[in-house]
Structure formats: C-alpha cells, structure tokens
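See below for the structure under consideration.
The values are calculated or read from the model by the stated rules, or taken from the named source; none is laboratory data. Being a predicted model, the structure only gives us computed values, none of them experimental. Here the Cβ is made from the backbone with ideal geometry for all residues, glycine too, and neighbour counts use every protein chain on show. Accessible surface is based on the protein model in full, side chains and every heavy atom, while ligands, DNA and RNA are left aside. Shrake-Rupley method; radii C 1.70, N 1.55, O 1.52, S 1.80 Å.
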Amino acid sequence: MQPSTYPLIDPDQALALVLQQVVVLGVEELPLAACPNRVLAQDLIAEQDLPAFPSSAVDGYALRAADSGRRLPLAGESAAGRPLAVTLAPGSAARILTGGLLPEGADTVIMLEEVRAGADWVEVPAGLQPGANYHRRAADLAAGTRVLSRGDVLGSAELGLAAALNRPSLPVHRRPQVALMSTGDELVQVGGRLEPGQIIDSNRWALLAALAEAGAEVSLLPAAPDNPAQLRKLVVEALSEHDVLVTSGGVSVGSHDLVKPLLESLGKVHIGRVKLKPGKPFTFATLSQGRVAFGLPGFPVSSLVTFEVFVRPALRRMQGFRELQRPRLPVRLDFDAKPAAGRTEYHRVSLHRQGDELIGQTTGSQSSSRLLSLVGAHALVRIPPGDEPVRRGGQVEALILKLPAG
Ligand code: AMP
Ligand code: MG
C-alpha cells in the first residue's frame, strides 16, 4: 500500500475549506404546499394591513361609546365573513360575533356577558370606553412592513403569515440535487443473497436518511464496482443532472480505492485526509460548473460522522440556511476518554441532564463499523488529540444531534 500523499488537515480547517467552495443555490418560486422547511430567498414585505379591517375580538354588541348606559335598538348583526351592510346610526347597536367587521359608526364592543338584551334591543352599562374589544385595522402589522427576511426558515408561523398576506407562493432557495453512490465489489443490495465475503450496502440507506434530513433531493445511483472505467461512467453520467456527488467507500489507499483518482481526473481534490476519528480518508473535490463531490469513507460510522461534520453544513449553505451547524454545547463526560494520537475523535454519547449540565455516557465500542454506536446517540463529543485522556468529569465540546427528553 502506498502512503497517501494528501496532507492531513485539521477538521475545523477542512470544514472551512468546504464551506468556502460551496455556493448558495438559485431561487425557485414554490407554492406554499412545497415550502415547509425551505429557506426564503427574498424579504417578504406585507402588501396589506393585518387585520385588514377592524374586527371584533369577542361575541357581543357593537355601538358608539357615547351611547353608554342606554337601551339601544339593534340594527342587525355582523358575523365573521358576513358584515352588517349599513352604517350604525347614533343611538343604535348591532350584534357582533368574533371576527365580525366592526360596523361603520361603531367605536366599541361590549361582551355578551355584560349586557341585558332582547330580540331587538340591548341595554348597555354606563362608562364604556371607545376602542374596547376589537382589533383595529393594522394592529398586527401595517402594509409595507418587512415581515420575513431572506434566510428565514419557513416553519409553521412563517407559512401561516405568508398565507395570511395572500401570498400563494414564495421564492425559496433550490435544494441540492445529490447523486448518492456506494462503491465496492463486496456490496449486495438489501434483500439480496450474500455470498461469502459480501456485505449489505447499508451506507446507501444510512446516507439517504442523512441527506433527506439535511434537505437534499437524492438520486440513488447503482452501487459501483471497484472498476475505474465503470465507476467513471456512472459518475460522469450522474453529474450532468446533479449539484453534488456523495460516494461511500473507495477513498483509502488500498489498490481498490478509486474515488480519489477519479475526482482528481474530473476536478480538483481539496481535501484527501483529515485529522479526524473516525473518518480520516474523507475527501472533498470541486468539479466543473460549481459542482462538488464528497468521498466518504466506507465504514458505516465513518461515513455518517464525516457526513455530519462536513457534508451537512455544506448542503445547508447551498440552501441558504443561516445556521449551518448543529448546536455546540459543553458536555461533561461520565467516562474516561482516551484521545486518538494526532486526530480529533468524535465520540458518540447518549446524554442526560444533571442540574443545568449535560452529562455524556459513551455508547460503547466506538469501532467505525459499529452502527450501534450511533443508534440512540444524542451527541458527538470532541475529544481533542493528545496523550492525556479526558477523565470522567472533564468537560468537552459536543455537536448535539438531539437533546434528551426531560
Ligand atoms: P473502503 O473505504 O471502501 O475501504 O471500505 C471500508 C469498509 O467499509 C469495507 O470493508 C466495508 O466493510 C465497509 N463498507 C464499504 N462500503 C459499504 C457500504 N456501502 N455499506 C456498508 N459497509 C460498507
Ligand atoms: Mg471499498
């Protein structure tokens, strides 16, 4: 085996390098139905007031405050969507329901519970103030207000607001089109029959889920054999229709590891090795027309950890997200962690709370083939390289994948 000629890059530097190279994708106008969790590409300016008319906050009676303390004849009813057609004459009142338009002439609303009323009259108490119990026009927001900003993630409140402002569609950043491919002669697709020495292509499904969570649109390519010509053909065909290529396997230095030379021939390999455990052979290349390629290691945990550390932030940048990274929080270790020589280790832990601290417990063997070390993991804690172990009780920084309940 040849020693790799790629310099070993610090993981933080490697991430910075990746993020420098990826660009925010273009904009598409999408109907609201397709907008949840997308990133808004332009500020949204309200073109109308909200509420667009003065509307009752309660069920009751609309009147002029000047008519307080009197028995008033009823001029009719203003219900939500069914306004009273006439102006309220002085000395009269109208029944009004929540959401009903405050009739022209009225300046206050009194709640049903606070009056005596018959079929065609209402007796209102003295001392009513104008402006009570209804929402003024533009009380929530006035036309011309910037209500959402470029880069806002479209969640429930944002979509509701856009809809309330009568916007049937919104400009959002495109999602990256990702071609996902496993490589290796040993791979069999799930459900197939394994001959001796073969394994199931599990990375395909693990990475598909990771890509979906990161907002990518994924095309599953056939798994590539360890054959340079076949690999090249599959990759070249796929690239024309995708922004990103993600491969797993074939990036270490064995004679069957073909991804790095292929990417060298198609573009520029910026990263070929990182000081990271697991995930040392992580590879990143830029290709023609702004495309990028991530060559992830084959071992299942290595591929997912390098996805988390490098690919996910890059995909989020492409979509215009402001927050690229998972939250980083200090975690106190409930075990002794032995550092890896010269490499930052992302040790998988489960978390629980103790007071206002997060306590991390190892998920067990950290073998890069052991997916169980990631199942149920709440965080990846960063064990810095060095000779000194981080002792139980020591605090380290963690990428939080999910917070524990409670
Ligand atoms: P490689 O990086 O190609 O040398 O692969 C390293 C190891 O990762 C292989 O020996 C396999 O055990 C495993 N591996 C590679 N590709 C996959 C895959 N698609 N699914 C599951 N395991 C894989
Ligand atoms: Mg391989």
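The shape of region 33-172 can be summarised by an equivalent ellipsoid whose semi-axes, obtained from the alpha carbon gyration tensor, come to 39, 13, 12 Å from longest to shortest.
Dipole orientation for the chain: of the candidates LEU207, ALA93, PHE284, PHE284 has the Cα lying most toward the positive pole (charges on Cβ; Lys, Arg +1; Asp, Glu -1). GLU323 contributes about 130 Å² of solvent-accessible surface, heavy atoms of the protein only, 1.4 Å probe. In this view, the solvent-accessible surface of THR87, computed with a 1.4 Å probe and all protein chains in place, comes to about 90 Å². Greater than 25 Å separation of Cα atoms is the criterion. Which listed pairs, LYS260/LYS338; LYS260/LYS402; LYS233/LYS268, meet it? Cα-Cα > 25 Å for LYS260/LYS338; LYS260/LYS402; rest within. Across the chain, the relative contact order, built from alpha-carbon pairs under 8 Å that are at least six residues apart, equals 16 percent. Accessible area per residue for the chain, computed on protein heavy atoms with a 1.4 Å probe, is 47 Å². Magnitude of the charge dipole for region 84-153, about its Cα centre and with charges confined to Cβ atoms of Lys, Arg (+1) and Asp, Glu (-1), is about 340 debye.
Assuming charge only on the beta carbon of Lys and Arg (+1) and of Asp and Glu (-1), the dipole of the chain about its Cα centre is about 840 debye to the nearest 20. When +1 charges are put on Lys and Arg Cβ atoms and -1 charges on Asp and Glu Cβ atoms, the dipole computed for region 300-377 relative to its Cα centre reaches about 320 debye.
Surface composition of region 1-137: carbon and sulfur atoms hold 53% of the protein heavy-atom accessible area at a 1.4 Å probe. Compared with the direct C-alpha span, the chain from VAL27 to ARG353 gains 113.2 nm at full extension, assuming 0.36 nm per residue.
The portion of the accessible surface of region 176-329 made up by carbon and sulfur, rounded to a whole percent, is 54 (1.4 Å probe; DNA, RNA and ligands excluded).
Estimated from helical segments only, the mean residue ellipticity of the chain at 222 nm is -4500 deg cm²/dmol, where each DSSP H run of four or more residues counts as -39500 (n - 2.57). Counting every alpha-carbon pair across region 282-406, the share separated by more than 26 Å comes to 25%. Rolling a 1.4 Å probe across all protein chains gives ILE45 an accessible area of roughly 80 Å². If you take the charge dipole of the chain about its Cα centre, with +1 on Lys and Arg Cβ and -1 on Asp and Glu Cβ, which of GLN354, LEU72, ALA52 is farthest toward its positive end? Ranked along the dipole, the leading option is GLN354.
When you filter the trypsin sites (Lys or Arg not before Pro) in region 314-354 for DSSP loop state and at most 16 other Cβ atoms inside 10 Å of their Cβ, you are left with ARG322. For the chain, a Gaussian network of Cα nodes joined below 10 Å ranks GLY295, GLY127, GLY192 by mean-square fluctuation, and the top entry is GLY127.
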